[in-house]
Structures are given as structure tokens and as C-alpha cells.
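Here the structure comes first, spelled out in C-alpha cells, and everything after it is commentary.
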Amino acid sequence: MTAADTYRAAGWWRDETVLHDLRHWAREQPDKPALVCYQGADQETLTYAELARRVDRLAVGLLRLGVRRGDVVTLQIPNSWELVALCLAAARVGAIAGPVVPVMRRREVEFMTRLTASPVYIAAAEVRGFSYGEMSAEIAEAVPTLRHRVLLGAGTGDIEAGALDFVRDLYEPEPDPELLASLDTIEAGPDDAAQIMFTSGTTGEPKGVLHSHNTLYSMNKAQADVLGLTGSEVTAMGSPTTHQAGFTWNFVMPLLLGATAVQVDRWDPRQMLRTLQEQRVTFFMGAPTFLSDLIYAQRETPHDLSALRSFATGSAPIAPLLVEDAREVLGCRLYALWGMTENGCVTVTRPEQPPLRAAESDGTTVPGMEVRIVDKDGEPVAPGTAGHLQVRGSAQCLGYFRRQDVYDASVTADGWFDTGDLARADGHGGIRITGRVKDVIMRGAENIPVVEVEAALLRHPVVKDVAVVGYPDRRLGERACAFLVTTGAAAPDLEGVRSHLAGLGMARTYWPERLELVSALPRTPSGKIQKFALRDRLRAQEGRTAS
């Protein structure tokens, strides 16, 4: 029996796609809101029936542009109904959605469109003063396969430069009955490629993670099942839907459940609180920084969040105080999770576990996935010892688009994917992430458990955010520097930080030897800390000192 047969037999894969989910709910609950979209002060609600109609209309529009089965449709659009509908429309014509986070610029987008040979790029003409029209014109000159640029809100200058207008050229024309009828014969199947999601590429060229409709189904069914989420949910989050977290938790998962997804085009904690109140949001997913922002904003101006039951978070350590604040200030239960673009949510804490487990663990595996912790030779480590985290299962991606050699180098002969993360057993059947292999700090002969130190620092009463990174040292190889964001109260000095860690019983060799107080930490759109930027800052400081 093949792995695919096993996954199907267990119910982790199926013979349908998210398009079947859309049509099912459009029949069963046509008037229920599928999407509530906020763009600035404007709000638009789409029912399931209306979303299905718009998807077919856009699918015909893509066919008119010459998009064919297997093509990649590049989508660099803020959270909106247009983004969700275009992802579904791409599947409707057998094509692949290629979401790109809006912060990416010419270098990254040119690389992505060239690698995928994408024939169509769709974006907002301008967002926050940046012209995607001008950028895409430059990219089209460099990428010969890019035949069409479609812009939401295209201006006269964009049209003169060869761009198409989203409404006039893609959405507005009455669908051709013949093309409309052809959609059922060409739409994607469950094992076809559904999505190419590029990793951030902060340490090299971005990698295009390729998922099928079934791998996406598996990750979304698993995370909904373990948290007990149902079609009664109203979901929201702070990340862009063009990031894997947003794509799964706030697009595919609610559509699978027949729930309502609230899409907000930009992060503003005060506006988000108003949205949570207005829409009676029940479930929120986001990095700890989004959680902290909401807690501080709610303390300043309380809103009615009585509908909010659950908040899932990952990508950074969670302080025990944050778990308590989530309950006391926001009124919700906090869950910790671990996952990657390559496999979605792999581990998560559970409703039946003590709430504080979210501050101690990154959770146990979801159905369909396996994890193991091994040493550099691939042998299991002793319980409680940190090692390389490897995973495999039904939500694991198909590989890296046109870079299969890079993907294969990370996979063992028996299918275990090396995540690049370090972890240990949490003592409760789950895992605790201790750091990234590339972020390991080797102080002399001692490996500093970076995530453990960060978690300990977050327990300091005035520390709001933290990152520990290494910097070069001639004698020891590396030393540790702690970057702290404080609440505004009296910030600790280096000795105060060390006293705090000593009080927690942490070994002296793990204490940071340098302290930097900053107003904010650099982050990706999904909320992950960009530690390379902090290391660059330390190197620049060393350079100025040396000169």
C-alpha cells in the first residue's frame, strides 16, 4: 500500500477539493456569509452563493487571458474577497495559485515569476504609496513568460503602460456560456498542485513550496479537528492570506467547515478589536506579537470580546503571563502550535490539557503527521535532549518547485523531512522547540538553547518581546546578545537580566553577555522575528567600533 493509499484509507486525503466544499456550502447555506472583508473603512460581505458565482466569473476571465492547466497565477494582493476568489478560480481552471506577500519587491517577485514561468500577475495598483503597477511593468520586461499584468484600481498610466484593469478586463465581462460550461471538465483534482507558497528567502533564494489540494486538506482538517472547530466559527487573523498561516487558518479551513472568515487588509490592533466585536469573532490565529498588541489595545479601550473563545499562536516562545492575559484581558483560551510552510500545523496543544501548557510546550502531533527528534547521525536522542526535529505525513508538501534537488537533500530515504529546527521532548508526549539549526549559538563548547533563554526572559515582568542572537567572539567563537522590548516601566540592565535568569535557576553559561534595548523587533508579515537583521545590526555596530 502506498502512502497515498494509507492517507486516503485513514481519511486524511479525499477525492474532492476545496471547490467541492464551496459548491456544497453554496447549496446548503447559500445566504450564510462566507467572507466579511474590511479594506480601510469599507466593508463587504459575500455569501457562499455569491462567492461561488464570483469564482466562476473570474475563472472564465482567467481562461480569456489564456491561463491553462498547470499555469501559475501570481497573486500579490492584500487580504480581500478578490484574493480568495482568485485562488479558487485558479483551481477552477486547473491552474496553481501563487500567493506573494505584499511586502515583496522587484527582486523577489521577479525571481518567483521567472522560476514559475507565470503568465499572469495580479495585484493592487498601489498600496500605501507603493506602485505595484510600476514594479510589475519592470518585471514584465525582464520575465518573457509574463504576458498579462492585471491591476485592481488601475489608473490611466497603468493602462497606457500595458496593464489590464481587474474589473474591466477580468471580472466584469459577462461569462461566455461555452467557457463556463468547460470549467467542470478542467478544474483541478485532489492530487493536483494547488498552491506554490514561497518561503521568505532571508538566507538565500526563496523556495517555492508546492502543495496539492490533498496536502492542504489534511493540514486544515487536522487543525480544526484537534481544536474542536466547527461551521459555527467566525475566524480572523492578523497575517496576510498570501502567507501560509493566513491561507490555511483563515481561508481554506473556514471554507472546509462552512464557517465565516473575516479578512482585514492591514494590521491595526484597535481596528481589529472593533472588528472582533462587530463580527462576533470566535477564533483568532496569529503570532505572539499580534496577541500582545491586542492585549495592550484592549486594556486601553475595552471592547466586547465575549464571543472570542480560542487564540492559536506559534513561531515564538509564549510567556506564562501571556497565557493568563489572554484569558483575563481577551477572555479566550490560548493554544501553542508549531508548523512550517512545508507542512502547516504539525503540533498543537489541546483543549483537554492545562491552559499553561501553551507556555511550556509546542504541542503534540495532529492526526496524519509524525515527528521524531534525532542527532546529527539520524539516531534517536535521549528523552529531554535537544536534537534535530524531523517530520513526515499527509500534510507534508510535494517538494520545492523546480528545485527538487534542494528538497530531496532535506528528506531521508524513509521520508523524514528535516525541518531545520531543534527540539526536545516536552515530557507530556509533545515537543518543545529549542531553536533553529542556523540560529544555534556555540559559546566555547556549549550550545546555548536560544528559545529556552528567550522564554525565560519573557517571564520578566517588564519584558514585552525578546530575541537572543549570537555575535562573534575571538576567544569563545560566539557570545549571546539579548534584544529586549520592554513595557515602558524601568527597563532592566544586563545585571538585572542575569539576576532574573539566576532566580529561575538557569545555568550561568546560558546568560546573555550583551543587552540591547529596542522599541520593536524586525518581523516578517506573519510575525516571525528576523534574526538575521539583528545580527546585521550587531555586525554594523562592531564595524563602527573598529573604525
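Worth a mention:
- In Å, descending, principal axis extents of the Cα set of region 180-269: 43, 41, 29
- Placing unit charges on the Cβ atoms only, positive for Lys and Arg and negative for Asp and Glu, gives region 18-188 a dipole magnitude near 460 debye about its Cα centre.
- Distance between modelled label sites at Q277 and D5, nm, 7 Å Cα→Cβ extension: 5.8 nm
- Distance distribution P(r), region 138-236, all Cα-Cα pairs, bin width 10 angstrom from 0: 11, 20, 33, 28, 7, 0 percent.
- Note on R535 and H24: with the Förster distance fixed at 56 Å, the Cβ-Cβ geometry gives a FRET efficiency of about 0.70.
- FRET efficiency estimate (nearest 0.05) - Cβ-Cβ, V406 to Y296, R0 25 angstrom: 0.05
- Where labels lie 7 Å past Cα in the beta-carbon direction, separation of T524 and D15 in nm: 3.7 nm
- Diffusion constant of region 89-145 at 37 °C, which comes from Stokes-Einstein with the Kirkwood Cα-pair radius and 0.692 mPa s, µm²/s: 273 µm²/s
- Length, then width, then depth: along the principal axes, the Cα atoms of the chain run 73, 55, 55 Å.
- Here, region 1-52 has an Rg and a Dmax of 16.4, 54 Å when only alpha carbons are counted.
- Which of G496, V462, V450, positive extreme of dipole for region 440-546 (C-beta unit charges): V450
- Cα extents of region 234-303 along the three principal axes, largest first (Å): 36, 22, 17
- Cβ-defined net charge surrounding C37, 14 Å radius [Lys, Arg +1; Asp, Glu -1]: -4
- For region 67-160, the set of trypsin sites (Lys or Arg not before Pro) satisfying both a DSSP loop assignment and a count of at most 10 other C-beta atoms within 10 Å is given as R128.
- Extreme residue, positive dipole direction of the chain, given options Y335, T509, A10 (C-beta unit charges): T509
- Taking other C-beta atoms within 10 angstrom as a stand-in for reagent exposure, T275, T230, T17 fall in the order T230, T275, T17, fewest first.
- Projected over every direction and averaged, the convex hull enclosing the alpha-carbon atoms of region 18-188 yields 9.7 nm².
- Charge context of V262, other residues only, Cβ under 12 angstrom, K/R +1, D/E -1: -2
- At an R0 of 51 angstrom, the distance between the Cβ atoms of E174 and E516 translates into a FRET efficiency of 0.30.
- Paired Rg and Dmax values of region 440-546, which use every Cα atom, in angstrom: 13.5, 37
The numbers here are math on the coordinates, done by the rules we state, and not lab data. Just so we're clear, the structure is a prediction, and the values are computed from it rather than from any experiment. Every residue, glycine as well, gets a Cβ built from its backbone with ideal geometry; the counts of neighbours run over all protein chains shown.
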